[in-house]
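Each value in this text was obtained by applying a stated rule to the coordinates, not by laboratory testing. Model, not experiment: these values are computed from the prediction. For neighbour counting, all protein chains shown are included, and Cβ atoms are generated from backbone atoms with ideal geometry for every residue, glycine included.
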Amino acid sequence: MSVKALEKILGDTIALINLARKGIEYSLFQSIVTTGPFTIKEWVNFLHITERTLQRYKKENKSFEPLQSERILEIAQLQKRGKDIFGSTENFNQWMNSKIIALGGIRPKELLDNSFGISLLNQELTRIEHGVLA
């Protein structure tokens, strides 16, 4: 699956459930990493795995476990939504790296290591989308 094909199903919850259960192939993950703003070290933190494990996935072209696949998809979904709301990938990435007062002075990307943080960022994006900034 390509990143473009993934972007088409990011709004289809059933397709995302099935893809997460099946497991994201390393090649798709690599494409997401290449087109996104996060480093491999950041992804290792988001996915709670070691760089060595990630290298093994690459070498063996192994698929990620369902929980890791779900996190990858949640972050990909958040990236697409952020790009749509901010008008460009660059503007969204700038927001992700800024200390946000509404988040207690935390950089949004620091919250991507768990589902609660991703949910909080989606809530904040909804407020921004509707012009409710406080």
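Taking each pair of distinct Cα atoms in the chain once, what is the resulting Kirkwood hydrodynamic radius in Å?
After inverting the pairwise mean of 1/r, the radius is 15.3 Å.
Within a 10 angstrom radius of the beta carbon, how do F64, F46 rank from fewest other beta carbons to most?
Least to most surrounded, the residues fall as F46, F64.
Sort T13, T89 so the one with the fewest other Cβ atoms within 10 Å of its own Cβ comes first.
In order of increasing Cβ crowding within 10 Å: T13, T89.
Counting pairs on different chains as well as pairs 8 or more places apart, how many Lys pairs in the stretch 3-129 have Cα atoms under 22 Å apart?
Number of lysine pairs found: 23.
Per DSSP H run of n ≥ 4, the term is -39500 (n - 2.57); total these for the chain, divide by its residue number, and report the mean residue ellipticity at 222 nm rounded to 500 deg cm²/dmol. Can you show the working numbers first?
On the way: 8 runs with 89 residues, N = 134.
Roughly -20000 deg cm²/dmol at 222 nm, from the helical runs in the chain.
What does the charge count around L47 come to, taking other residues whose C-beta lies under 12 Å from its C-beta (Lys +1, Arg +1, Asp -1, Glu -1)?
Charge balance near L47 sits at -4.
Before anything else, pin down the relative contact order of the chain: Cα pairs under 8 Å, at least 6 apart, normalised by residue count, whole percent.
Values: 116 pairs, mean separation 30.2, N = 134.
For the chain, the relative contact order is 23 percent.
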